[in-house]
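None of the figures in this text is laboratory data; all of them are computed from the coordinates on show. The structure presented is a predicted model; accordingly, all values stated were derived computationally and were not measured. Using ideal geometry, Cβ is built from the backbone for each residue, glycine included, and neighbour counts are taken over all protein chains shown.
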Amino acid sequence: MLVFKSMNPLDKVSREDLAKLCEALWGWKPCADWIKEQKCHKCIPEDQTCYYQRAKRLRLFFDFYSETAAYYIPEFGSSLPPALNNHDDLISVIQHIKKNPSEPRVQLTREHFGISDQSSPSNDQNRAFDLAARIITTFECATEGQVASQLEAGLQPAIWSSNGTFNQFVNSYIPKQSQLRVGPYNDMTQQHHIPLGSLAMKKLRKIAKLTIVRTDDLGNHLLLDRKNGTFAVYHHTSVLKEHLTMVHAQYSVSGPSTGQPSNLPKQLVQETMYTLKHILFPIDLESRALLQSLVTKDNFDPDLLNDIDTSWQQREGPIVYEYWGLRLLDLYDEIQNPTPRGYLERWMERKSGGRYVMMVTLAGVLIAIMLGILSLAVSIFQAWIGWQQWQHPVS
């Protein structure tokens, strides 16, 4: 039977869809005034817990969701119905993943779409789960068979394997790699003697001549591109705050948990927030002016300008940069040994190599020998002139 399929079933998104998305991701729903695009008279702008204000802060994340979802195109060569007909279908996949983060992907897909154990999910169904995982985490996601096509499109996807769980996918994309410890006010422990105050964005621009670029993929946060002289910064602090709010809400109800109650590991979210507030953009006039410029001109999340609550750090002790430690070390190395940027700097860098030092030394020796020979010739000539004057005195 021929199944009618829309070319872009997720092309348009309503505020009702976005409200359902908030409920699926973080367990709260914006008020009716926000959904109807009306002004809320009960809302106090300074109240950061107000659902109306929280939804307003998420404007750029909603733009990210709309743009990402709009790229979904169902398979037209298949007789199967499309995996996603509307935003409700996508949100349903998101809810299914969040409820079962410890089940293998292939099992999740079969359960959700009602596939028999003998059948494999279609490419369309796999793309639906990739899209849902991207919305939950902001990671670019793909299965094993789709990586090649995404690489050709210039993307660097994280692989969520068929037999891997959602938790395994998240933990493998940004693995813990170091033990860089930092206490309050960036006081370093004895393990690393790196003044993280030197990694403020204003110094990265002046000394290393790096350019900051905005990224919607958390996996690219602090990623240094030496060739192009850029490094990426994940800017959705409004989303990170929602993750932490959800974690703290569960913590206050059930106490400490070793599980992963939020969409992302708590430690990863905390580290990211701390790099933004205390390392890249500390509290000083120049950093604030730079941050304001990024928000105004480069469309960074305006929530970056708001104070980030890191009182949890005082309660829990020194933060350990297990996720971003190596990238912070890369930035520090770039500060200490900046990559040459301009033509003159690159030319001087090439000329400062070991072989050029040997060539210059050899050239100096040859010049010294030439000067010695010329000096000897002049001395011989002067001696000959003196001898001639002695042989033929002028009377």
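Some points to look at:
- Sorting Leu224, Leu376 from the fewest to the most surrounding beta carbons within 10 angstrom yields Leu376, Leu224.
- Exposure proxy shown here: for Leu84, Leu362, the number of other Cβ atoms within 10 Å sets the order, fewest to most, as Leu362, Leu84.
- Compared with the direct C-alpha span, the chain from Gln168 to Arg226 gains 17.9 nm at full extension, assuming 0.36 nm per residue.
- Toward the positive end of the charge dipole of region 25-96, with +1 on the Cβ of Lys and Arg and -1 on the Cβ of Asp and Glu, the farthest Cα among Phe76, Leu90, Cys50 is that of Cys50.
- Compared with the direct C-alpha span, the chain from Asn86 to Ser102 gains 3.1 nm at full extension, assuming 0.36 nm per residue.
- Theoretical gain in end-to-end length, Phe381 to Thr296 [0.36 nm per residue, Cα-Cα removed]: 22.8 nm
- Net charge over other residues, Cβ less than 13 angstrom from the Cβ of Phe139 (K, R count +1; D, E count -1): -3
- Summed residue charge, Cβ within 9 Å of Trp28's Cβ, Lys/Arg positive, Asp/Glu negative: 0
- Placing +1 on the Cβ of every Lys and Arg and -1 on the Cβ of every Asp and Glu, with no other charges, gives region 83-133 a dipole of roughly 140 debye about its Cα centre.
- Note on Asn8 and Leu285: with the Förster distance fixed at 56 Å, the Cβ-Cβ geometry gives a FRET efficiency of about 0.75.
- Cβ crowding within 10 Å ranks Met370, Met246 as Met370, Met246, fewest other Cβ atoms first.
- The GluC sites (Glu not before Pro) of region 30-108 that DSSP puts in a loop, and whose beta carbon has at most 12 other beta carbons within 10 Å, are Glu37, Glu46.
- Straight-distance crosslink candidates among lysines, where the alpha carbon sits under 22 Å from Lys99 and sequence neighbours closer than 8 are dropped: Lys20, Lys29, Lys241, Lys266
- In nm, spacing of pseudo-spin labels at Gln177 and Ala363 (7 Å Cα→C-beta vector): 4.1
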